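Only one structure is covered here, and it is reproduced in the block below.
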Amino acid sequence: MKPFLEVKNLSVSFPTQDGLVKASNDISFTVARGETLAIVGESGSGKSVTSLAVMGLHNRNAADISGEAILNLETGPIDTISASPEVVRKLRGKSMAMIFQDPMSALHPYYSIGDQIAEAWGLYNKGSKSDGIKRAVEMLDLVGIPEAAKRVKEFPHQFSGGMRQRVMIAMALVNNPSLLIADEPTTALDVTVQSQILKLLKDMQQEFNMAVILITHDLGVVAEVADRACVMYAGKIVEQSAIDDIYYTPDHPYTIGLLNSIPRVDQLEGKRLLAIPGQPPSLISLPRGCAFRGRCTFSRLVPNNRCATEVPNLDEKIKGHFSRCHLTEAQLTVARTSVGSRV
Amino acid sequence: MTEPILKLVGLKKHFESTSGGFFNKKKGVVKAVDGIDLEILPGQTVGLVGESGCGKTTAGRTVLKLYEPTEGQIIFQGEDITHLSRKRMKPLRAQMQMIFQDPFASLNPRQTVGTLIGATFDIQGITPPGGVKKEVERLMERVGLNPEHVNRYPHEFSGGQRQRIGVARAIALKPKLIVADEPVSALDVSIQAQVVNLLDDLQEEFGLSYLFVAHDLSVVQHISDRVIVMYLGKVMEEADKKDLFMSPRHPYTKALLSAVPVPDPIKGRKRERIILVGDLPSPMNPPAGCVFNTRCWKVQDKCRTEIPALQQIAPNHRLACHFPEPAA
Ligand SMILES: Nc1ncnc2c1ncn2[C@@H]1O[C@H](COP(=O)(O)OP(=O)(O)OP(=O)(O)O)[C@@H](O)[C@H]1O
Ligand SMILES: Nc1ncnc2c1ncn2[C@@H]1O[C@H](COP(=O)(O)OP(=O)(O)OP(=O)(O)O)[C@@H](O)[C@H]1O
Ligand code: SF4
Ligand code: SF4
Ligand SMILES: [Mg+2]
Ligand SMILES: [Mg+2]
């Protein structure tokens, strides 16, 4: 059976006064139902732009989009990039739903929580307003809002950050979507609330057998909830594989650098962190060759200055483990240990 | 015994606030910081952790007397500065500095980096040996900025570089104590380590003491010698780093630690997690008795009526709980 979502060679760029912003560049991945794919990368690496393209939420006059994002529905496949806006609109909510990075901007301040969930429900269900509100109460209950029947009448500003995030989840799940894209669903929350929300997402995924894309910059969160991960850097996927391989045998110098640079509560030695020098490049004037080149400590191992002249392909170095780097697997093994492996 | 750089005794900062509708305005008091005791030794880092709104920023700002304390004492290098006037505080300001969370909001966008860093000397009326310009360039170099960029404006720098500008300003006058309020929270993961390392190096070089305020336990764990855990304005537990992370005794500390995700999938799957119910209560209306009782999984009747006192349970380990966890 085909995975529910197949993204193929997806690129999104924005023409601006300063030049073309290549925000998302030749992205390919798949997500099956019941599976969680994490997209991880630092600010501006193209995580949100990629997922908004899948959802058909970019303004097509402002964004150049190419490639495919195919939803394999029971009724047959639909490509959300080439399908008409009306078709894509009908897919949102039921076939695919999204939890946005900032819950406050995604919730309407002047409508009650209940009205907003009921409206989302009404898009796919025939029923009276009170049926909708009844369904809203059920959903709020499901996501753990205490006294749901009372709080359904309240407004977003009367909810705490963690509760608003739950409301977003309730709204996204009200029509049992097949695919859920959660964009930094816990970044604004405290850790104790974060672990509640992550648990809730996991439970909901099991209950509805959803395909989940979790977008985050937190490698700790990825380790805890994802089955597979894509690491993005400067608009491209630089590494993709099953979760354990990303952590125990990372195959890209950027991933290796990231893992070495984060302090961990489970390691108390307090040794100096191994920081990645420099900063990410501008998406308007990407360096020639590999985008990570200016910050990479291993480019000298690659002969003929290829890092500066040749864009590395996303190669399957080991079965199911892709990385975009000119280093050979043998050199990468050295790279991993030379900076102190985490295993 | 070495004398602490900073000593706080029962420090409190309460804010008056009004809430409620237009007609039934209620006057209330937010007990943002409700009794902190702590000592920071020279060259030491004390980490202050806790969830949003527990009073970390307020504590940091009150220490520097950016807020007037409501109660308690602030003793800086043996001198009680709790009620010092603005004028008498001024010479001390050079010795206690602050680094802010938001490297975007804390720098005046219309001033060049040179002016921003140089202003620190003007405010104190100090001329460094060799002149301000030379010293600014030296400082830029020290924090890893290119001195040739002295005439650039904050927006021309990345987040990490802007935080370095903040660090350069804070160390310009060779302070003894720096209060760093979430200095890396706004930075990308790959940049955080650069700034953490810089703070580490500067501490070694100048024997600085830090009060390091953050909600990220991993960063706090890395940088601190001692750690204080706050909840709703109160200290729940305080201990040397190793004790606190290896053998947390307060239920809240334990829950907090267990909630931090670790970037290690196999360990993560095996880890026992304590999932707290509910959200942080409003600081306007904190629970009676133990402030943690609405979310604590060990709560008993006594917790709802009696405030647990912060008690010494071992040398260098203090705790406020009626039913602490056993030592690990
Ligand atoms: N409408 C737009 N016009 C021009 N540039 C854009 C537009 N939307 C996004 N970008 C740029 O595309 C790049 C990728 O943005 P994106 O929002 O996908 O980043 P992200 O990985 O989600 O980052 P974050 O972690 O900060 O959310 C950024 O440099 C951003 O400035
Ligand atoms: N100037 C003020 N006037 C009134 N209340 C305030 C003021 N400053 C802070 N508070 C309140 O005091 C409490 C503690 O706030 P504080 O900013 O110290 O928390 P924090 O621990 O730094 O949180 P965060 O992690 O979100 O930065 C909060 O309830 C806050 O709303
Ligand atoms: S291609 Fe070269 S510069 Fe890029 S990550 Fe690999 S070694 Fe480093
Ligand atoms: S005093 Fe009671 S409620 Fe408070 S932390 Fe201890 S056991 Fe929990
Ligand atoms: Mg984003
Ligand atoms: Mg704060």
Checklist outcome for this item: Checking A:S28, A:S51, A:S43 in turn, the sole residue that is of a type in the set (S, T, Y) and either farther than 30 Å from A:P250 by Cα or assigned to a loop (DSSP other than H, G, I, E, B) (or both) turns out to be A:S43
Item to check | Matching option when the condition is at pLDDT 90 or above and part of a helix (DSSP H, G or I), among B:H155, B:H149 | outcome: B:H149
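Residue by residue, here is whether (1) assigned to a strand (DSSP E or B); (2) small (G, A, S); (3) in contact with a Gly (Cβ under 7 Å, 6 or more places away or on another chain); (4) more than 11 Å from every other protein chain (Cβ to nearest Cβ) holds:
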{"position": "A:M204", "(1), (2), (3), (4)": "no, no, no, yes"}
{"position": "A:I215", "(1), (2), (3), (4)": "yes, no, no, yes"}
{"position": "A:E224", "(1), (2), (3), (4)": "no, no, yes, no"}
{"position": "A:M232", "(1), (2), (3), (4)": "yes, no, yes, yes"}
{"position": "A:E239", "(1), (2), (3), (4)": "yes, no, no, yes"}
{"position": "A:D251", "(1), (2), (3), (4)": "no, no, no, yes"}
{"position": "A:L259", "(1), (2), (3), (4)": "no, no, no, no"}
Checklist entry - What number of residues within region B:84-143 are among the charged types (D, E, K, R) and free of Cβ contacts under 8 Å to residues at least 12 places away in the same chain? => result 7
Item to check | Flag if A:I256 is open to solvent by 50 Å² or more (accessible area, probe 1.4 Å), β-branched (V, I, T) and either within 16 Å of ligand 4 (Cβ to nearest atom) or within 28 Å of B:R164 (Cα to Cα) (or both) | outcome: no
Next on the checklist: Can you report the number of residues in region A:275-316 which are on the phi > 0 side of the Ramachandran plot and polar (S, T, N, Q)?
Outcome noted: 2
Checklist entry - Which condition does A:L332 not pass, out of (1) outside any loop (DSSP other than H, G, I, E, B); (2) modelled with pLDDT under 95; (3) surrounded by fewer than 18 Cβ atoms within 10 Å (Cβ to Cβ), if it passes all the others? => result (3)
Checklist outcome for this item: The condition of being surrounded by 15 or more Cβ atoms within 10 Å (Cβ to Cβ) and over 23 Å from A:I197 (Cα atoms) holds, among A:G132, A:G144, A:G161, only for A:G132
Checklist outcome for this item: Note: among B:I123, B:I191, just one is surrounded by fewer than 16 Cβ atoms within 10 Å (Cβ to Cβ) and of a type in the set (V, I, T), namely B:I123
Checklist entry - Restricting the first residue to region B:242-254 and requiring it to be within 17 Å of B:R271 (Cα to Cα), which pairs with a second residue that is part of a helix (DSSP H, G or I) and away from ligand 3 (no atom under 16 Å from the Cβ) meet a Cβ separation below 8 Å and a spacing of at least six or different chains? => result B:F245/B:Q221; B:F245/B:L257; B:P248/B:K254; B:P248/B:L257; B:T253/B:L244
Checklist entry - Does region A:229-241 contain any residue that is within 24 Å of A:G257 (Cβ to Cβ), in contact with a Cys (Cβ under 6 Å, 6 or more places away or on another chain), outside the structural domain of A:S323 (by TED's automatic domain parsing) and open to solvent by less than 10 Å² (accessible area, probe 1.4 Å)? => result yes
Checklist outcome for this item: Sole miss for A:V21 among (1) more than 25 Å from A:P250 (Cβ to Cβ); (2) more than 8 Å from ligand 1 (Cβ to nearest atom); (3) of a type outside the set (S, T, Y) is condition (2)
Item to check | Count of region B:276-300 residues which are away from ligand 2 (no atom under 16 Å from the Cβ) and touching a Lys or Arg at 6+ places or on another chain (Cβ under 7 Å) | outcome: 6
Next on the checklist: For region B:259-294, give me each residue that is modelled with pLDDT of 95 or more and touching a Leu at 6+ places or on another chain (Cβ under 7 Å).
Outcome noted: B:V291
Checklist entry - If you take just the strands (runs of 3 or more DSSP E) that sit entirely in region B:233-328, which of them hold at least 3 residues that are open to solvent by less than 40 Å² (accessible area, probe 1.4 Å) and either away from ligand 6 (no atom under 16 Å from the Cβ) or of a type in the set (F, W, Y) (or both)? => result B:234-240
Item to check | Test: residue in region A:267-281 that is more than 9 Å from every other protein chain (Cβ to nearest Cβ), part of a loop (DSSP other than H, G, I, E, B), within 16 Å of ligand 1 (Cβ to nearest atom) and over 14 Å from A:G41 (Cβ atoms) | outcome: no
Checklist entry - Within region B:1-116, which strands (runs of 3 or more DSSP E) (wholly inside it) include 3 or more residues that are under 29 Å from B:H155 (Cα atoms), more than 16 Å from ligand 4 (Cβ to nearest atom) and under 19 Å from the mean Cα position of the chain (by Cα)? => result B:96-99
Checklist entry - Quick check: is even one residue across region A:299-310 open to solvent by less than 80 Å² (accessible area, probe 1.4 Å), more than 30 Å from B:G47 (Cα to Cα), within 26 Å of the chain's Cα centre (by Cα) and not acidic (D, E)? => result no
Checklist outcome for this item: Across (1) modelled with pLDDT of 90 or more; (2) open to solvent by 60 Å² or more (accessible area, probe 1.4 Å); (3) among the polar types (S, T, N, Q), A:S338 clears everything bar (1)
Checklist entry - Inside region B:273-310, can you point out the residues that are among the polar types (S, T, N, Q) and more than 22 Å from the chain's Cα centre (by Cα)? => result B:N285, B:N293, B:T294, B:Q300, B:T305
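Listed here are the residues, each with its yes/no results for (1) within 12 Å of chain A (Cβ to nearest Cβ); (2) within 16 Å of ligand 3 (Cβ to nearest atom); (3) β-branched (V, I, T); (4) touching a residue at least 12 places away in the same chain (Cβ under 8 Å).
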| residue | (1), (2), (3), (4) |
| --- | --- |
| B:S282 | yes, no, no, no |
| B:A288 | no, no, no, yes |
| B:T305 | no, no, yes, yes |
| B:Q312 | no, no, no, no |
Item to check | Verdict on A:D244 being within 14 Å of chain B (Cβ to nearest Cβ), of a type in the set (D, E, K, R) and not in a loop (DSSP other than H, G, I, E, B) | outcome: yes
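Residues are listed down the side, and each one gets a yes or a no for (1) more than 14 Å from chain A (Cβ to nearest Cβ); (2) under 13 Å from B:R142 (Cα atoms); (3) within 16 Å of ligand 6 (Cβ to nearest atom):
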site	(1), (2), (3)
B:R162	no, no, no
B:A172	yes, yes, no
B:E182	no, no, yes
B:Q192	no, no, no
B:V196	no, no, no
B:V219	no, no, yes
Next on the checklist: For the list (1) modelled with pLDDT of 90 or more; (2) assigned to a helix (DSSP H, G or I), I need the number of the one condition that B:I191 fails.
Outcome noted: (1)
Checklist entry - Considering region A:168-199 alone, what residues qualify as being surrounded by fewer than 20 Cβ atoms within 10 Å (Cβ to Cβ) and within 14 Å of chain B (Cβ to nearest Cβ)? => result A:E184, A:T187, A:A188, A:K199
Next on the checklist: Condition (residue is open to solvent by 30 Å² or more (accessible area, probe 1.4 Å), assigned by TED's automatic domain parsing to the domain that holds A:E184, without any contact (Cβ under 8 Å) to a residue 40 or more places away in the chain and in a helix (DSSP H, G or I)) applied to region A:96-112: is it met by at least one residue?
Outcome noted: yes
Item to check | Residue match in region A:72-80 (condition: surrounded by 14 or more Cβ atoms within 10 Å (Cβ to Cβ) and either touching a Gly at 6+ places or on another chain (Cβ under 8 Å) or under 18 Å from A:S48 (Cα atoms) (or both)) | outcome: yes
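The values are calculated or read from the model by the stated rules, or taken from the named source; none is laboratory data. The structure presented is a predicted model; accordingly, all values stated were derived computationally and were not measured. Every residue, glycine among them, receives a Cβ derived from its backbone with ideal geometry; neighbour counts consider all protein chains shown. Please note that ligands, DNA and RNA were not included when accessible areas were found on the heavy atoms of the full protein model with its side chains. Shrake-Rupley method; radii C 1.70, N 1.55, O 1.52, S 1.80 Å.
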